[in-house]
Structures are given as C-alpha cells and as structure tokens.
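To keep things clear, I will list the structure first and then write my remarks on it.
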Amino acid sequence: MGPEPLVSSRILIVDDEPNIIGTVSSLLRTRGYDVLSAMTGRAALDTTEREKPDLIILDLGLPDMSGVDVCRQIRQITSTPILVLSARGAEGDKVNALDAGADDYVTKPFGSQELLARIRVAPLVRRHRRRRVRCVLQHVVLRVGLAVDDVLDFLADGDHRIAEPIQFRLRLALGRLDHQRAGHRERHRRRVEA
C-alpha cells in the first residue's frame, strides 16, 4: 500500500454510475481524501469552478456531454490534474482524452491499488509539466520583459486581465525566435552544402 496524503486533498469524481461513485468515494475516504461527486458534465464544470478540487477523476460516458468536451472545458478554467477513468479502452479514446488535457487514463475495470497510485502521482506529473513550461518560457519571456509567473498564471488559469499585453508580447517574441531559428537553419544548410 502507498502512503496516505499528508494534507487532505479534495477529489472530484465525475461518473454517471452511482456504484462507481460509491466504490471510488469509499476507497478514497478510507485513505483520508475529501470526495466530491458529479453525475453530469455540467455539474462537473460547476463543481470544479465552485469547489476547486485538487484532482478530478472523469468518466468519458456522461449523459449530457462528452467527457472529452468536459476535459477541454475544465482546461479552460484550471490546471487541476485530470485522471480519466473509463470503460473505453481503445487507443483512439485514450489519445483524444489526453489531447483534450487529461493527465492520465485508467480503464474500467480497475484495480484499487493502481488507481490510488495514479492519484498520488497525478499532481507530481502536472507540476513537472509546469516546470518544463517554465523553463521554455523563461527563455522567451525574459527577452520580452514579462514576469514568468504572470504568463504561467495566464496560460494555466486564463487570467484575462493581462491577456492582451501578454499575447501580443509573446507573439512578438515567438516570431523573433522563429525568425532567428530560420536564419540559423539557413546558415547551417549553407555550411553543409559548401
């Protein structure tokens, strides 16, 4: 068995099957997690905005909208880790969910220990991705005179107060960077041909 959470994390379970919500909720509560639930995509979006969970466990087969669409909409409002828990095991379903912003994918039926392990690592995966983005942004953003944290907040949470100046400056900087790369590639090509 893995370690229990040091701080009680709030997990939102989104599934239209009451027995799945009950089983997963019970498993998580016995491990010290606070559990929220939603049975529709709309309820999931509302709960995510209102309650700000630390992790979302999302089924793809919801009655009112696609779980992939829910995932995309959640990504527009938060960078909270999303773990898809679905009976759909086809590669295309997994790729679509991951491309829509999911951090991990577990197929039903699932083992409780595997699910708990994936829940424990989900925030670490999200933090690692944010650190990688930070490294890339530092290179670009420092050239443009923006605060890296402001840009990360905008990208992660859509802070629209700073959207226009950031978007303009980033586009300007990325355009310059692309132009510099094109020049470097051209010089390299000339050297190779010579």
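Data table
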{"quantity": "Which numbered condition LYS94 fails, given (1) open to solvent by 50 Å² or more (accessible area, probe 1.4 Å); (2) part of a strand (DSSP E or B)", "calculated": "(2)"}
{"quantity": "So ASP159, is it among the acidic types (Asp, Glu) and at pLDDT below 90", "calculated": "yes"}
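The values are calculated or read from the model by the stated rules, or taken from the named source; none is laboratory data. Since the structure is predicted, the reported quantities are computational estimates derived from the model, not experimental observations. Remember, those area values only see protein heavy atoms, side chains included, never the ligands or the DNA or RNA. Shrake-Rupley method; radii C 1.70, N 1.55, O 1.52, S 1.80 Å.
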